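A short worksheet on the structure shown next.
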Amino acid sequence: MVVTPHPDDAEGGCGGTMAKWIAEAGTEVVVVMCTNGDKGTSDREMAPKRLAKIREKEQRDASAYLGVKDVVFFAHPDGTLNDDLQFRGEVVRQIRRFKPELVFCIDPFRVASHTHRDHRMSGQVALDAAYTYAWSPLYFPEQITEEGLEPHQVSEAFLWGTEAADVYVNVEGYLEAKSTSLSLHVSQMRQRTPADRLERIERGCARQGEAAGLAYAEGFRRVRFDLGTLDWRLLNA
């Protein structure tokens, strides 16, 4: 499961990994889109509602190109994500629905640089939903009693956009897929040609690959959710 703040963030952060795992391992990938991207423009003539519709279609097109199984749209307006109970519950619901083994999200913790508020909020909430909430029936019990979902324990998270990568995925052979998926976000990608975009991706993935002795890689900070073997059913015994 890829929990991402805005349309195009997932492709930029882990598009090569998604393409590779789907193609080579048959991995089922679900993208959880937290905002509707309605403020992603400098065009003062573009209405937010219109842009949101455009960006939803672009996300569907990019995800379909990569072979993503499903895309879930929360449709929060840009800049409004908060680390609150409602947002946590929304992410927990999708974890319980799709039961991912691994969650991808943006690393919310930085020291040397800053990042968009929606990026921080989506990353923090994704981690907390997976580690603290989704596995226990005592959190959001209505999802279990009223919606028929079951608790689910995620094994680990891979955080992109991190300053402390410690795991690398070899994406050689998948840079064009990453670039093409980004190009499908037409409203956001007008400042560069596809050739320029591919060259930029090659440079970025080459820099990440150096740390692992690879030609091209996407780097992540790995977080293991060591919750032991607790059986949630015992809580009701």
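What to note about this one:
- For the range 95-149, GluC sites (Glu not before Pro) meeting the loop criterion (DSSP other than H, G, I, E, B) and having at most 13 other Cβ atoms within 10 Å: Glu101, Glu146, Glu147.
- Kirkwood Rh, Cα atoms: Rg over Rh of the range 9-71: 1.06
- DSSP-loop trypsin sites (Lys or Arg not before Pro) across the range 67-113, with at most 16 other Cβ within 10 angstrom: Lys69, Arg110
- Less than 5 angstrom separates the built amide H of Ile106 from those of Gly123, Trp160, all sequence-distant by 5 or more or on a different chain.
- The share of accessible area on the chain that comes from carbon and sulfur is 49 percent, using a 1.4 angstrom probe.
- Pairs of lysines in the chain whose Cα atoms sit within less than 30 Å of one another amount to 22, provided the residues are eight or more positions apart or on different chains.
- Computed on the Cα atoms alone, the convex hull of the range 33-121 gives a volume of 130 cubic angstrom per residue.
- Rounded to 5, percent antiparallel among DSSP beta bridges of the chain: 35
- Using alpha-carbon coordinates, inclination of helix 117-128 to the longest axis of the chain, degrees: 40
- Charges were assigned to the Cβ only: +1 to each Lys and Arg, -1 to each Asp and Glu. The resulting dipole of the range 1-141 about its Cα centre is roughly 260 debye.
- Between the C-alpha center of the range 35-84 and that of the range 139-203 there is a gap of 15 Å.
- Dmax and Rg, reported as Rg then Dmax, of the range 99-237 (C-alpha, Å): 18.7, 60
- Loop GluC sites (Glu not before Pro), the range 1-88 (other Cβ atoms within 10 Å of the site Cβ: 13 or fewer; DSSP): Glu45
- Take the chain with all the other protein chains still there, run a 1.4 Å probe, and you get 50 Å² of accessible area per residue.
The values are calculated or read from the model by the stated rules, or taken from the named source; none is laboratory data. Computed from a predicted model, the values in this text were never measured in an experiment. All Cβ positions, glycine included, derive from the backbone under ideal geometry; neighbour counts span all protein chains shown. Side chains are part of the model used for accessible areas, which takes the heavy atoms of the whole protein and leaves out ligands, DNA and RNA. Shrake-Rupley method; radii C 1.70, N 1.55, O 1.52, S 1.80 Å.
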